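J.: Sending over a structure as structure tokens; questions will come in a sec.
The values are calculated or read from the model by the stated rules, or taken from the named source; none is laboratory data. Because the structure is predicted, anything quoted here is derived from the model rather than measured. A quick note on method: Cβ atoms are made from the backbone with ideal geometry, for glycine too, and the neighbour counts reach across all protein chains shown. Areas reflect the complete protein model, heavy atoms only, side chains present, ligands, DNA and RNA absent. Shrake-Rupley method; radii C 1.70, N 1.55, O 1.52, S 1.80 Å.
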Amino acid sequence: MKYIRKSYPVEAVQIKNEIHSLDEWDQIMPKWFMDSAGTSIRPDPSNCGIYVSTPIGEMHVPWDGYIVRDEDGSLYAYSKEKFEKDFEVYKESL
């Protein structure tokens, strides 16, 4: 049997290597990301991205990868390739 993932809008943010200071992160990143930054997100010591705490454990987000916040507020990590395969821009109908 085959299944199709139920679709619902999620919030996501792409992690870029160009952001170097907390002030830059605070200006660029959405509020939900910054609210999670103290407890759920930490830098990668090798400077290859960041780590995020998810319901399935800590996950690595490489530079250009995405952090997705689902409808329950849980965070998940996606590589750029996986994110672009699984998600498209949500267009609200009027």
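J.: Those residues that are surrounded by fewer than 12 Cβ atoms within 10 Å (Cβ to Cβ) and of a type in the set (Phe, Trp, Tyr), I need them from region 36-94; list them, please.
T.: Once the filter is applied, which keeps residues that are surrounded by fewer than 12 Cβ atoms within 10 Å (Cβ to Cβ) and of a type in the set (Phe, Trp, Tyr), region 36-94 yields only 90.
J.: Could you list, ordered by first residue, the pairs with Cβ atoms under 8 Å in which the first is in region 57-68 and on the phi < 0 side of the Ramachandran plot and the second is open to solvent by 30 Å² or more (accessible area, probe 1.4 Å) and charged (D, E, K, R), at least 6 apart or interchain?
T.: Qualifying pairs under 8 Å: 62/80; 63/16; 65/80; 66/80; 68/11.
J.: So which residues in region 35-57 are modelled with pLDDT under 85, β-branched (Val, Ile, Thr) and in a loop (DSSP other than H, G, I, E, B)?
T.: 39
J.: Something else: Mind listing just one residue for me: the one in region 12-33 that is aliphatic (A, V, I, L, M) and open to solvent by less than 40 Å² (accessible area, probe 1.4 Å) and, of those, modelled with the lowest pLDDT?
T.: 19
J.: Please go through region 69-91 and pick out each residue that is part of a loop (DSSP other than H, G, I, E, B), charged (D, E, K, R) and free of Cβ contacts under 8 Å to residues at least 12 places away in the same chain.
T.: Result: 72, 88, 91.
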